[in-house]
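Have a look at the structure below before the remarks.
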Amino acid sequence: MPDKITVKAPSSTANLGPGFDVFGLALNAFHDEVTLTRQDSGINITTDGNIPTRPTDNTAGLVVKNAKRKFKIRDGIKIDIKKRVPAGFGMGSSAASAAAAAVAVDRLFELGLDSDALVELAGSGEKASAGTIHYDNVAASVLGGFVIVRDNPLSVIRIKPPQSLRMCVAVPSITVPKKKTQASRSVIPTMISLKDSITNLSSATSIAAGFASGDSHMIGSSIRDVIVEPARQHMIPGFASVKRNALKAGATGVAISGAGPSVIAFSEKGADMDEIAAAMAKGFASAKTRCQTIICKPSVGAIVRG
Ligand code: ADP
């Protein structure tokens, strides 16, 4: 068994509009790198990021703690996190650390976990950030590509995205509240009309069909969410302009990335992605907000670094 292992895991976008808590897509925009090293006892975390270092408050720390208990691991573990996915912006930052930690602990202790067990372990760490467990981001970050989370019992469907799919993420420079995920969940309606549920179901199934048939245009043009987006968009300055501008510049669909505040535009090879990025930045600027734009593609999942 090795003494030390480093795993790199990608950022991700959850929901893709109507696939709330079900869809995830790994993005090659940012990556976290987690190194686990055996030590005599305990769990210690070091990081270059501005994130909690108490093991129970850190998603990677909680993954390691849960794995130690579940698999009766006696060794202590040192965790070093190179934090590159911005935390709290809807880019699956806490999930990237959790995903990398789950894959690393599996390899370091030769646990032989299958895909669903790895996702479940990574998801157990999300409790440290969101307070509740959601598998959409961790599933994408562990497995890569497009994922559909089936709950109870947990099982994840993974589909390789079409090569032609392109995205632009706009990450606004705003201060996100500490409990952002809880805040953005609290505004979602608990009762919805049959009409709205049919619209979202039609959109979500079309997105899944787009991934299954490798049709980038079908994916982007199916991104329509009449339930969560209307309830959340007021939390993102300039959202309506960002969306309108991106669509005008050639995006086929636009969604809030996860719980926000990042916004993601979908398009396909051949589109002028720089123009879409500039249009999104202009949309944020109309609300006196600066943003970082990243043109990206789907990513592979968490991988061990040689
Ligand atoms: P996102 O996953 O979209 O970045 P979340 O709200 O789920 O947003 O997670 C961000 C919160 O999780 C932050 O408050 C951060 O302090 C906390 N957190 C705990 N552990 C980590 C970690 N390893 N990486 C990033 N954020 C973490």
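What residue, among those in the range 279-306 that are at pLDDT 95 or above and of a type in the set (D, E, K, R), is surrounded by the fewest Cβ atoms within 10 Å (Cβ to Cβ)? Show your work before the answer.
Here is the first cut: in the range 279-306, the residues at pLDDT 95 or above are 279-304.
Now drop any that are not of a type in the set (D, E, K, R), which leaves 282, 288, 290, 297.
Values: Lys282: 16, Lys288: 8, Arg290: 11, Lys297: 15.
Result: Lys288.
Can you find a residue that is more than 10 Å from the ligand (Cβ to nearest atom) and either touching a residue at least 12 places away in the same chain (Cβ under 8 Å) or open to solvent by less than 30 Å² (accessible area, probe 1.4 Å) (or both) anywhere in the range 85-96? Before the answer, list the steps.
Taking the range 85-96 as the starting set, the residues that turn out to be more than 10 Å from the ligand (Cβ to nearest atom) are none.
No: zero hits.
Which number in (1) modelled with pLDDT under 95; (2) within 26 Å of Ile303 (Cα to Cα); (3) open to solvent by less than 40 Å² (accessible area, probe 1.4 Å) marks the one condition that Ile188 misses?
Exception for Ile188: condition (2).
Which condition number in (1) under 18 Å from Lys179 (Cβ atoms); (2) open to solvent by less than 50 Å² (accessible area, probe 1.4 Å); (3) more than 8 Å from the ligand (Cβ to nearest atom) is the one that Ile73 fails?
In the conditions (1) under 18 Å from Lys179 (Cβ atoms); (2) open to solvent by less than 50 Å² (accessible area, probe 1.4 Å); (3) more than 8 Å from the ligand (Cβ to nearest atom), Ile73 misses (1) alone.
For residues in the range 246-278 being without any contact (Cβ under 8 Å) to a residue 40 or more places away in the chain and either acidic (Asp, Glu) or buried (at least 24 other Cβ atoms within 10 Å of the Cβ) (or both), which is nearest to the ligand (Cβ to nearest atom)?
Filtering first and then ranking leaves Val254.
All but one of (1) open to solvent by less than 10 Å² (accessible area, probe 1.4 Å); (2) over 27 Å from Ile295 (Cβ atoms); (3) within 16 Å of the ligand (Cβ to nearest atom); (4) in contact (Cβ under 8 Å) with a residue 40 or more places away in the chain hold for Leu108; state the number of the condition that does not hold.
So Leu108 meets the others, but not (3).
Out of Ala271, Ala285, Ala281, I need the residue that is under 22 Å from the mean Cα position of the chain (by Cα) and aliphatic (A, V, I, L, M). Which one? Don't jump to the end; show me each part of the working.
Values: Ala271 fails: under 22 Å from the mean Cα position of the chain (by Cα); Ala285 fails: under 22 Å from the mean Cα position of the chain (by Cα).
When all the criteria are applied, what remains is Ala281.
Got a number for residues in the range 12-45 being in contact with a Ser or Thr (Cβ under 7 Å, 6 or more places away or on another chain) and either surrounded by 24 or more Cβ atoms within 10 Å (Cβ to Cβ) or without any contact (Cβ under 8 Å) to a residue 60 or more places away in the chain (or both)?
Counting residues in the range 12-45 that are in contact with a Ser or Thr (Cβ under 7 Å, 6 or more places away or on another chain) and either surrounded by 24 or more Cβ atoms within 10 Å (Cβ to Cβ) or without any contact (Cβ under 8 Å) to a residue 60 or more places away in the chain (or both) gives 12.
Given the structure, is Gly214 surrounded by 18 or more Cβ atoms within 10 Å (Cβ to Cβ), more than 16 Å from the ligand (Cβ to nearest atom) and of a type in the set (Gly, Ala, Ser)?
Numbers: surrounded by 18 or more Cβ atoms within 10 Å (Cβ to Cβ): no; more than 16 Å from the ligand (Cβ to nearest atom): yes; of a type in the set (Gly, Ala, Ser): yes.
Considered against the rule, which asks whether it is surrounded by 18 or more Cβ atoms within 10 Å (Cβ to Cβ), more than 16 Å from the ligand (Cβ to nearest atom) and of a type in the set (Gly, Ala, Ser), Gly214 comes out as no.
The values are calculated or read from the model by the stated rules, or taken from the named source; none is laboratory data. What you are looking at is a predicted structure, and each value in this text was computed from that prediction instead of being measured. Cβ: placed from backbone, ideal geometry, glycine included. Neighbour counts: every protein chain shown. Side chains included, ligands, DNA and RNA excluded: accessible areas come from the protein's heavy atoms. Shrake-Rupley method; radii C 1.70, N 1.55, O 1.52, S 1.80 Å.
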